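Heads up: the structure comes next, in structure tokens.
The values are calculated or read from the model by the stated rules, or taken from the named source; none is laboratory data. In this text the structure is predicted, and so the values were computed from the model without any measurement. For neighbour counting, all protein chains shown are included, and Cβ atoms are generated from backbone atoms with ideal geometry for every residue, glycine included. The area values use the complete protein model at the heavy-atom level, side chains included, leaving out ligands, DNA and RNA. Shrake-Rupley method; radii C 1.70, N 1.55, O 1.52, S 1.80 Å.
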Amino acid sequence: MKEILQYFPELTPDQQEKFFRLKELYEFWNAQINVISRKDMDNFYVHHVLHSLAIAKIISFKPGTEVLDVGTGGGFPGIPLAILFPEVNFHLVDSIGKKIKVVNEVANELGLKNVKAEHKRVEELKGQYDFIVSRAVAPWNEIHAWTGRLLKRGGNNTLKNGWILLKGGDLTEELFSVKNRAEAEFIYEFFKMEYFLTKKVVYISG
């Protein structure tokens, strides 16, 4: 938890409490439905929460923004972002029902009214979103094929509507087709921890 406070010192007492409770809730549900590697729970705040919040270092979503979290798994990056941006609407989807059960339980326990979590395949969705986020779900061309029709054009945030993806490694080939629309930042630039040395936050405008 100290890592969250270090990099996000302006959290309200309510946000601090929600982030504090996150690990306890995930430990409880993870013991019943495995959504996070057991050994990874020791590094929960860095590997999952802070990693998710790297998105907030490139954009501060305006109130009313609609964000889709594709393949959210246990709720990342959607749940940490929903705590940080309580006036932004987050739609978290995953094709694995037991993971969405955990997401719903965590969101309910924390009273996150800005989270809607559904057990669905992305291809079934019909909504329109300002931003589409994901964490290491699939290569860019697959994400674009699934979600291209779901992205609203334009937008009123500091970044034009588009995709924000948490990825690692050499992305030259993967992003070649959108190299003129893609920007990648090393997360280590924001969070000075060895874990983030090769990890990036990638923005692709719509």
Next item on the list: Just reorder GLU3, GLU109, GLU10 by solvent-accessible area, largest first, 1.4 Å probe, all chains present.
Entry: GLU10, GLU109, GLU3
Notebook entry, point to check: When the label point is put 7 Å from the Cα of GLU123 along its Cα-to-beta-carbon vector, which residues of region 44-72 have a backbone N closer than 16 Å?
Noted result: 71
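Would you calculate a helix-derived [θ] at 222 nm for the chain, using -39,500 (n - 2.57) for each DSSP H run of n ≥ 4 and dividing by the full residue count, to the nearest 500? Let's see the in-between values first.
On the way: 5 runs with 53 residues, N = 206.
Result for the chain: -7500 deg cm²/dmol, rounded to the nearest 500.
Decide, for region 60-100, between rounded, prolate and oblate: order the square roots of the alpha carbon gyration tensor eigenvalues as a ≥ b ≥ c, take rounded if a/c falls under 1.5, and otherwise choose prolate if a/b is larger than b/c, else oblate. Working shown, then result.
Details: a/c = 3.07, a/b = 2.16, b/c = 1.42.
Verdict is prolate for region 60-100.
Reported to two decimal places, what Rg/Rh ratio describes the chain when computed on Cα atoms with Rh from the Kirkwood expression?
For the chain, the value is 0.93.
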Checklist line | Accessible surface ranking that places the most exposed of PHE85, PHE191, PHE20 first, with a 1.4 angstrom probe | finding: PHE20, PHE85, PHE191
Next item on the list: Between the alpha-carbon centers of region 13-44 and region 154-206, tell me the distance in whole angstrom.
Entry: 26
Next item on the list: Can you send over the solvent-accessible area of THR172, 1.4 Å probe, protein chains only, in Å² to the nearest 10?
Entry: 100
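Where the accessible area of region 1-139 is counted over protein heavy atoms with a 1.4 Å probe, how much of it, in %, is carbon and sulfur? Don't skip to the answer; put the middle values down first.
On the way: 2970 of 6160 Å².
Solvent-exposed carbon and sulfur of region 1-139 make up 48 percent of the total.
Among the helices of the chain (complete DSSP H runs), which have Cα atoms covering no less than 30 Å along the helix axis and a Kyte-Doolittle mean of at least -0.5? Can you show the working numbers first?
Numbers: long enough: none.
Helices meeting the criterion: none.
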Check: With a ≥ b ≥ c the root eigenvalues of the C-alpha gyration tensor of region 1-103, is it rounded (a/c under 1.5), prolate (a/b larger than b/c) or oblate?
Finding: oblate
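For THR12, THR65, THR158, write out the residues from largest to smallest accessible area, computed with a 1.4 angstrom probe and no ligands counted. Show your work: numbers first, answer last.
Values: THR12 65, THR65 5, THR158 115 Å².
Of THR12, THR65, THR158, the descending order of accessible area is THR158, THR12, THR65.
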Next item on the list: Within region 38-121, list the trypsin sites (Lys or Arg not before Pro) lying in a DSSP loop whose Cβ has at most 16 other Cβ atoms in a 10 Å radius.
Entry: LYS113, LYS120, ARG121
Next item on the list: Could you tell me what % of all Cα pairs in region 151-206 have separations over 17 Å?
Entry: 42
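Name the shape class, rounded, prolate or oblate, that the alpha-carbon gyration tensor gives for region 1-58, where a ≥ b ≥ c are the square roots of its eigenvalues, rounded holds for a/c under 1.5, and otherwise prolate holds if a/b is larger than b/c and oblate otherwise.
On the way: a/c = 2.44, a/b = 1.61, b/c = 1.51.
Note, shape of region 1-58 comes out prolate.
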